[in-house]
Amino acid sequence: MLSHPLLRNRSFRLFFVGRSLSLIGDAVIPAALALAVVRATGSASALALVLGCAMGTRLLLLPLGGVVGDRFNARTVALTADLVRCVTQLFVGLQLLGGDPQLWHIALAEAVGGAASAFAMPTMSPLIAGIVAAKDRHAANAVLGVVRSSAPLVGPALAGLLILTAGPGWAFVLDGASFAVSACLLTAVRIHRTAAEEPSARRSLRTDLVEGWHEVRSRDWYWTSLVAHSAWNGAAAVLMTLGPVIAVEELGGEGTWIAILQTGAVGLLAGSLLAGRARPKRPVLAANLGLATYALPLALLAVEAPTPAVIAAYGLAQAGLGFLSPIWETSVQAAIPSGVLARVTSYDWLLSLAAMPLAYILGPLAADAWGTATPLWIAAALVGIACAGTAAVPGVRNFGVRDFGVGDSEVRDFGVGDGGVSDFGVGDGGRQPTLGDTGPQSTLGDTPGDTGLSKNVSRDTVA
């Protein structure tokens, strides 16, 4: 990894180190936050309040974050968001270290941090597009995907060490420090033009939002994939709420659930590594079909299948997620004009994340009413149909096969016939024609996910 040719690019090297530190710092926080709130209040409802504050401001401000990311320099926006999150995490850490943390202080800090992340998340694709040449973006996204997939393996162990030896407050101090280092490194990163050609001070916020949404809906491969990714995140939320109960009560205890999660983390990493070497002729279709495998662990949990089968299925499903992230991000960076990339990405994150709180609520309610098997079967059907169903969309099937205007040498490098795309690379402003498309390509736009599918389908987004 450290000898990867991309790391000879100084700007990408700095960005990579800062991003890696931030991801590891963020991976420490879930365990630390849960323990800190429970220690302070003894209430699960208090933890839900804190998490809801962070998620609420993030969802509310994501579209605005996309507009800001397109109107202004993406590096400046990301740097400012890092500094804000540095302050909020240090504040929470000092509250905990002080010995008398106030719930409303923590909730407010997490709400501000969630708002900052709404501005930071849409800048990731524009930053990569501004740092790395088109022919190297797939490799860049794959390298970052490996780090993103490794963080869940390293973070919890580091969190446990900090919590048991020094207390959860130091975990927040560490995360705050990681954001500070990331901000410092961003100041030295050189970005090629990523903002819109004309600063949009002359245009209204509503105009920019509408234009971004138009860019989303004018591409059938894009908006149908977002529906699939949203279904995936909703299904993941159902599994995260009901899976632990089934594992503990029916599949052998807490150790089974830990084994499921650890196998999933390994699968996520394996999928990211595979994505770095893969050159699918139909990248969006291949990535969406990989996501459809998430139906397997849901169905196996519904029938209380043997523990090894459930563990293996979850590892395979997470490998599908790890495979999707670099493939999707490269495709989006290639096909969406740079001037609207942040807006398109913000809508991706918004639709992907919005399904999760709803599923967190509906999953347990359905389980109480009809038993745990019913919501698991529903989630399995939705994710399987939504993800595999994108194969019926012409834009999804043809993405990566039609002529996007790349040179013959690029086509040969990609390994497809004439009219293909090299590393999903397209010319500036290139786009895929879609059925019923009536708007000009250069008017509007917006793109995708810490997975998750954000997409960290979080791509950074998902569990």
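Of all residues in the range 22-61, those satisfying the criterion of being closer than 30 Å to THR123 by Cα and among the charged types (D, E, K, R) are ASP26, ARG58.
With respect to the conditions (1) touching a Leu at 6+ places or on another chain (Cβ under 8 Å); (2) open to solvent by 20 Å² or more (accessible area, probe 1.4 Å), THR207 falls short on a single one, namely (1).
If you scan the range 61-99, which residues turn out to be basic (Lys, Arg) and either open to solvent by less than 30 Å² (accessible area, probe 1.4 Å) or closer than 21 Å to LEU353 by Cβ (or both)? First the steps, then the outcome.
Within the range 61-99, the subset basic (Lys, Arg) is 71, 75, 85.
Listed by number, the list holds a single entry, ARG85.
Of all residues in the range 1-19, those satisfying the criterion of being under 23 Å from the mean Cα position of the chain (by Cα), farther than 19 Å from PHE172 by Cβ and modelled with pLDDT of 80 or more are SER11, PHE12, ARG13, LEU14, PHE15, PHE16, VAL17, ARG19. Flag: LEU47 matches the condition of being within 19 Å of ASP26 (Cα to Cα), in a helix (DSSP H, G or I) and at pLDDT below 90. Scanning the range 262-285 for residues that are hydrophobic (A, V, I, L, M, F, W, C) and crowded, with 20+ Cβ neighbours inside 10 Å returns ALA265, LEU268, LEU269, ALA275, VAL284, LEU285. In the range 235-259, the residue that is nearest to ALA388 (Cα to Cα) out of those that are open to solvent by less than 10 Å² (accessible area, probe 1.4 Å) and under 21 Å from the mean Cα position of the chain (by Cα) is ALA235. Set side by side, the residues ALA355, ALA367, ALA373 differ, and just one is over 18 Å from ALA247 (Cβ atoms) and open to solvent by 10 Å² or more (accessible area, probe 1.4 Å), which is ALA355.
Those helices (runs of 4 or more DSSP H) of the range 100-203 in which 3 or more residues are open to solvent by less than 50 Å² (accessible area, probe 1.4 Å) and under 14 Å from ARG19 (Cβ atoms) occupy 124-131, 137-165, 168-187. Scanning for something modelled with pLDDT of 80 or more, of a type in the set (Gly, Ala, Ser), part of a helix (DSSP H, G or I) and within 23 Å of the chain's Cα centre (by Cα), does the range 33-43 turn up at least one residue? Among the residues of the range 33-43, not one is modelled with pLDDT of 80 or more, of a type in the set (Gly, Ala, Ser), part of a helix (DSSP H, G or I) and within 23 Å of the chain's Cα centre (by Cα), which makes the answer no.
Quick one: which of GLU304, GLU329 is under 23 Å from THR263 (Cα atoms), open to solvent by 10 Å² or more (accessible area, probe 1.4 Å) and either touching a strand residue (DSSP E or B) at 6+ places or on another chain (Cβ under 7 Å) or of a type in the set (D, E, K, R) (or both)? Among GLU304, GLU329, only GLU304 is under 23 Å from THR263 (Cα atoms), open to solvent by 10 Å² or more (accessible area, probe 1.4 Å) and either touching a strand residue (DSSP E or B) at 6+ places or on another chain (Cβ under 7 Å) or of a type in the set (D, E, K, R) (or both). Any residue in the range 307-319 that is under 22 Å from HIS138 (Cα atoms) and of a type outside the set (A, V, I, L, M, F, W, C)? Checking the range 307-319: at least one residue is under 22 Å from HIS138 (Cα atoms) and of a type outside the set (A, V, I, L, M, F, W, C).
When the range 103-150 is limited to residues that are farther than 18 Å from ALA342 by Cα and hydroxyl-bearing (Ser, Thr, Tyr), the one that is nearest to the chain's Cα centre (by Cα) turns out to be SER149.
The values are calculated or read from the model by the stated rules, or taken from the named source; none is laboratory data. Nothing here was measured: the structure is a model prediction, and the numbers come from that model. We place every Cβ from the backbone using ideal geometry, glycine too, and count neighbours over all the protein chains shown. Calculation scope for accessible area: heavy atoms of the full protein, side chains included, ligands and nucleic acids excluded. Shrake-Rupley method; radii C 1.70, N 1.55, O 1.52, S 1.80 Å.
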